[in-house]
1. In the set Gln164, Gln169, Gln122, which member is without any contact (Cβ under 8 Å) to a residue 12 or more places away in the chain, part of a helix (DSSP H, G or I) and more than 18 Å from Gly21 (Cα to Cα)?
2. Tell me which residues, restricted to region 385-423, are over 30 Å from Leu225 (Cβ atoms), assigned to a helix (DSSP H, G or I) and among the hydroxyl-bearing types (Ser, Thr, Tyr).
3. Yes or no: Ile289 assigned to a helix (DSSP H, G or I), surrounded by fewer than 19 Cβ atoms within 10 Å (Cβ to Cβ) and touching a residue at least 40 places away in the same chain (Cβ under 8 Å)?
4. With the structure loaded, tell me whether Gln360 is assigned to a helix (DSSP H, G or I), among the polar types (S, T, N, Q), under 15 Å from the mean Cα position of the chain (by Cα) and more than 21 Å from Phe255 (Cα to Cα) or whether it fails that test.
5. Hey, can you tell me all the residues within region 308-332 that are closer than 19 Å to Thr251 by Cβ and among the hydrophobic types (A, V, I, L, M, F, W, C)?
6. Could you tell me which residue of region 27-70 is surrounded by the fewest Cβ atoms within 10 Å (Cβ to Cβ), considering only residues that are in contact with a Gly (Cβ under 7 Å, 6 or more places away or on another chain) and assigned to a loop (DSSP other than H, G, I, E, B)?
7. What tally of residues in region 124-150 results from selecting those that are within 16 Å of Ser85 (Cα to Cα) and under 15 Å from the mean Cα position of the chain (by Cα)?
8. For Ser163, state whether it is surrounded by fewer than 18 Cβ atoms within 10 Å (Cβ to Cβ) and either at negative phi or within 15 Å of the chain's Cα centre (by Cα) (or both).
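Where a number appears in this text, it was derived from the coordinates with a stated rule and is not lab data. Note that the coordinates shown come from a computational prediction; the quantities given were computed from them, not determined experimentally. Glycine gets a Cβ as well: all are built from the backbone with ideal geometry, and neighbour counts include every protein chain shown.
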Amino acid sequence: MRENIFNFVNPKFFYGWIIVGVANLGIFSSGPGQSHTFSVFVGPISKDLEISTASIASAYGLATLVAAFLLPHMGKLIDKYGSRSSLIIISIILGISCIFFGAASNFLMLTVGFGFLRFFGQGSLMLGCANMVSQWFDSKRGFAMSVMALGFGISMAIHPPLSQLLIDQFGWRYAWIILGISTWIIMVPALFLLAWDSPESVGLKPDGIHKSTSNKNTENKIEGLNLSEALKEKSFYILGAMWFGMAMLVTTLHFYQVTILTSQGITKEFAAAVFSISALTMVLFMPFIGKLFDKFPTRYVLALGLIVNTISLLSITFASNDFFVVLYAIFFGINNAISMTMFGYIWPRYFGRKYLGSIQGTGQMIGVIGASLGPLPVAFAIDYVGNSLITIRYLSIYPIVIAIIAIIFLKSPSSLSINKKLE
């Protein structure tokens, strides 16, 4: 009966693409918890609360670090209650967190506010959306993830200039209240009306495959390692090191892009507008990146992403005129396209979807820890050395090392049935 309802309008249309649309809204709505939004608030908060850049980075890092260790528990809750119910609660609390952050009047409140925003925005909301899409797709997962992740590019394009406009018009505190209310308006109705946990829950199959075309012996079987089994696999630690570094270094660029570019003579307005250039590049490259993940050996695609990460880090250190700023923005946009597709793709790709929440939550914890530590070296270089460029160039070595390790050692667990072309 449920399958008939979902096929009523057009039997050839797979409802999973509606799920991707909802998840796309979710990734966009995580914007208030993302570094590119915080980037335009650093100056106003520092001036209003009379707190140094390093102190704000420390509050951000500490809060993010604490939030990171809660993500495996969120993953288990998603496994238990499903992504739809979990995402509704997460979205409501994220809106409240925005309003609380806007009321911060001291370092402690700022730290707690950062914690809530990072846990429910950058952590839990993205985790739940990736989990939901992963359940609905298998062979088309890379492309589906890339479409979902377009929400991040749209957020990059909209949230920084919108936040700057709100700051200029209403002040940074009221800006956060508006961001919180907008989260409720965008996400809660969409989740209530359109979201479903998995295709099996409504009588469908992943990728829209009709039951009659499935292997009868496996059609009801959802494969996947549990967390204990995944932790015994070498691939988990390679992927963890990869995601740690990617999250750390991408966050560093998001958080300090405006600060780094203005220190090299770029205007504040152009430095903020660079987010839009990167976002447009990300949107244009995203479908292409998704197809790469679906068609080519995964370890080579991941290595390519790490090399682009290195190029992004190096290029910002030379961005002292408009041409090099635009060049950096393009590479950083490609970097974001790869990292955002990677974030939702790698865990179900290597460990299945049966216990995806707990594994994805642990993987997300590793990434958020990286994100929490990422801004600190650059912050201390800015405050105590006066120049962050040498520090960034040293950091660019890390992705190259992990890329080499991935090409040589990254393999799928032997217990899972994996599409051989991805190996």
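1. None of the others qualify; the one that does is Gln169.
2. Thr391, Tyr394
3. So Ile289 fails the test.
4. Taking the combined requirement at face value, the residue satisfies it.
5. Val308, Ile311, Leu313, Leu314, Ile316, Ala319, Ala329, Phe331, Phe332
6. Step by step, filter region 27-70, then rank; the result is Gln34.
7. 10
8. Answer is no for this residue.
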